[in-house]
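Structure first, commentary second.
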Amino acid sequence: MVLRRRERTKRDDLLQKREAALLGGGQRRIDAQHKRGKFTARERIDLLLDEGTFLELDSFVEHRATDFGLDSQKYPGDAVVTGYGKIGGRTAFVYAQDFTVLGGSLSEAAAQKITKVQELSLKNGAPIIGLIDSGGARIQEGVDSLAGYSSIFHNNVWASGVIPQISIIMGPSAGGATYSPALTDFVFMVKGIGQMYITGPDVVRAVTGEIVTHEELGGATPHATRSGVAHFVAETEQHSIDQVRRLLEFLPSNNMESPPAQPNGDPKDRADVELATIVPENPNQPYNMLDVLHRVVDNADFMQVHEEFARNMIVGFARFDGKTAGIVAQQPDYLAGVLDIDSSVKAARFVRFCDAFNIPLVTFIDTAGFMPGTAQEHAGIIRHGAKLIFAYAEATVPKISVLTRKAFGGAYIVMSSKNLTGDVNFAWPTGVVAVMGADGAVNIIHRGEIGNSDDPDATRARLISEYESQLMNPYIAASRGMLDDIIDPIETRPKIIRALDMMANKREVGPTKKHGSIPL
Ligand code: HXC
């Protein structure tokens, strides 16, 4: 009887401790978090994971620091909630920084909690999602905190290409707190709430004199449109969580698995007559490549990555016959789909992610080539364009391409071309493979003839017409086997699905090496 009472007391004690841990930095700070329109770390985890699946780890961990008054500011679990659960029925690991505890700052103990779930996710081949809301390194803990970041970064790098790593920025992400997300595969930012910067506005003002708000410096909009740090922007926290759950549906849990198949009823042999007229007669008139993509993928379901960054290039996930594919496509509707620094880097990164996770690549090409001019040359278009060549050449997943209109010069080579080991290369009859457009070509190769002519304009027009009829078509490339087929545009979807099916068991092993040296 006495024993039973003692057991009950111990159990009560445990429940009490658990209850205390749920309060993080206390009700006052939880209320402040809510007042700012933010959820708490635990509320976020509950929204992210399938209902009732969260199992918390390390809720009894406390920081060990005593200096600067920290001995009187101990909170069970410290400034991060960690554990695992299910997303769409599959295991996922999660950590959520708790801003109510010392601003979610990273202590040595918090770092150890995070590295524990990172190591579990790597060992067990499941994605990890970090919910970031942190003032960065815990200032009072000095080097111990910095060392904690080192371990987290190391784990990010070690897990890269093995498990999907995702970050959602749901509050400040300052200093060291920016670099772990930057090392992950996908960064989601919540508008008006998520802010990422190496140094905040105060330091910026002190060092450079520049006056800037938190949002202008590191909000979702500048990172999604200009820096490219953010892959996805969400209107609300719930929206970002919905986006993450949707993204994970496209991805395998690790690099040893194939992406999950999701039968969806869209017929494999569905033709689309509208595709026959989508490319305008006038080669300089734009059209929206998204119209093409939506017509060929399963149920027009296409999840764009980096939607607002380098809009001349489209990348994202879709399905063909229920199976995930990575789409890379030029957007003639924005800067004529030109290949510039940002679009090259955007596509290169996406291609490498897909290759690491066994996701076939389907590339749609329509570009006049690389962007000329000093701005791009001096900023390193050669170095950055080379990244895209590297990424495509290195990728061993099935690579299919569809040339809808222009593939001029370097752009032909870069975009999954046959000699860069593209597997199946299709062109529409409107496709053109050439070193350059007719205008530019004629001005170079017939400069003398045009200059000496009595009527230069008429001569130029005749030569352009000759060039166009002889070289501006897909048949020369097809006659050399560099295009495998010229297809009726309306049959694009069935042709892609047949090609993907043919390559379902593709295996390709490159030469033994430690790793390549991509031109970074
Ligand atoms: C310890 C911190 C903290 C930190 C915030 N707090 N940041 N405690 N270390 N880094 C505490 C505050 O003292 C406060 O405690 C609580 O968290 C909430 O902070 P507030 O400032 O009141 O909140 P807010 O006004 O919303 O501002 C949030 C903030 C700001 C923008 C994040 O706190 C801030 O600028 N923090 C410092 C950011 C920073 O420079 N971090 C170091 C980066 S260097 P109370 O008790 O009042 O609730 C770094 C090195 C690694 O990370 C670099 C690797 C490359």
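So, R0 is 60 Å and r is the distance between the beta-carbons of Met256 and Ile445; what FRET efficiency does that work out to, to 0.05?
Efficiency, from the Cβ-Cβ distance: 0.70.
Sorting check: for 299-312, 331-344, which peptide has the highest mean count of neighbouring beta carbons within 10 Å, and how do the rest follow?
Details: 299-312: 18.1, 331-344: 22.3.
Ranked by mean Cβ neighbours within 10 Å, highest first: 331-344, 299-312.
Taking the convex hull of the Cα atoms, report for the stretch 1-116 its projected area averaged over all directions, in nm².
On the way: hull surface 37.3 nm².
Approximately 9.3 nm², given one-decimal rounding.
Highest mean first, how do 260-272, 201-213 rank when packing is the count of other Cβ atoms within 10 Å averaged over residues?
Averaged packing, sorted descending, gives the order 260-272, 201-213.
How far apart, in nm, are the 7 Å Cα→Cβ label points at Glu235 and Glu216?
2.6
With charges only on Cβ, +1 for K and R and -1 for D and E, what is the dipole size of the chain about its Cα centre, in debye, rounded to 20?
Details: 54 positive and 63 negative charges, 382 e Å.
Result for the chain is approximately 1840 debye, rounded to the nearest 20.
Once every DSSP H run of n ≥ 4 in the chain is given -39500 (n - 2.57) and the sum is divided by its residues, what mean residue ellipticity at 222 nm do you get, rounded to the nearest 500 deg cm²/dmol?
The helix contribution divided over the chain gives -11500 deg cm²/dmol.
Going 7 Å from the Cα of Arg507 toward and past its Cβ, which residues in the stretch 244-275 have a backbone nitrogen under 17 Å from where you end up?
Within reach of a label on Arg507, which here means backbone N under 17 Å from a point 7 Å along Cα→Cβ, the stretch 244-275 contributes 256-258.
At 7 Å along the Cα-to-beta-carbon direction for both Glu43 and Ile476, put a label point, then send me their distance in nm to one decimal.
A separation of 6.4 nm, rounded to one decimal place.
What residue among Ser416, Pro456, Phe54 has its Cα farthest toward the positive end of the dipole of the chain, where the charges are +1 on Lys, Arg and -1 on Asp, Glu, each on the Cβ?
Highest projection toward the positive end goes to Phe54.
Looking at this model, which pairs from Lys74/Lys116; Lys35/Lys86; Lys323/Lys514 are more than 24 angstrom apart at the alpha-carbon?
In this structure, Lys35/Lys86; Lys323/Lys514 exceed 24 Å between Cα atoms.
What number results when the radius of gyration of the stretch 313-415, computed over Cα atoms, is divided by 2.2 N^0.38 Å?
My calculation over the Cα atoms of the stretch 313-415 gives 1.02.
On alpha carbon coordinates alone, what is the Rg over Rh value for the stretch 68-181, Rh being the Kirkwood radius?
Working: Rg = 13.5 Å, Rh = 14.0 Å.
Ratio value, two decimals: 0.96.
Take the Cα coordinates of the chain, assign each an equal point scatterer, and use the Debye formula without solvent to give log10 I(q)/I(0) at q = 0.08, 0.10 Å⁻¹.
Debye curve over Cα of the chain, log10 I(q)/I(0) at q = 0.08, 0.10 Å⁻¹: -0.58, -0.84.
Hey, what D do you get for the stretch 160-296 in µm²/s if you plug the Kirkwood alpha-carbon radius into Stokes-Einstein at 4 °C and 1.567 mPa s?
Working: Rh = 18.1 Å.
The estimated diffusion coefficient comes to 72 µm²/s.
Quickly rank 274-284, 405-415, 164-174 as a protection proxy: mean count of other C-beta atoms within 10 Å, highest first.
Put in order of decreasing packing, that is 164-174, 405-415, 274-284.
Please label the shape of the stretch 107-236 as rounded, prolate or oblate, based on the square roots a ≥ b ≥ c of the eigenvalues of the alpha-carbon gyration tensor (a/c under 1.5 means rounded; beyond that, a/b larger than b/c means prolate, else oblate).
The shape class here is oblate.
Readers should treat all values here as calculations from the given coordinates under stated rules, not as data from a laboratory. Note that the coordinates shown come from a computational prediction; the quantities given were computed from them, not determined experimentally. We place every Cβ from the backbone using ideal geometry, glycine too, and count neighbours over all the protein chains shown.
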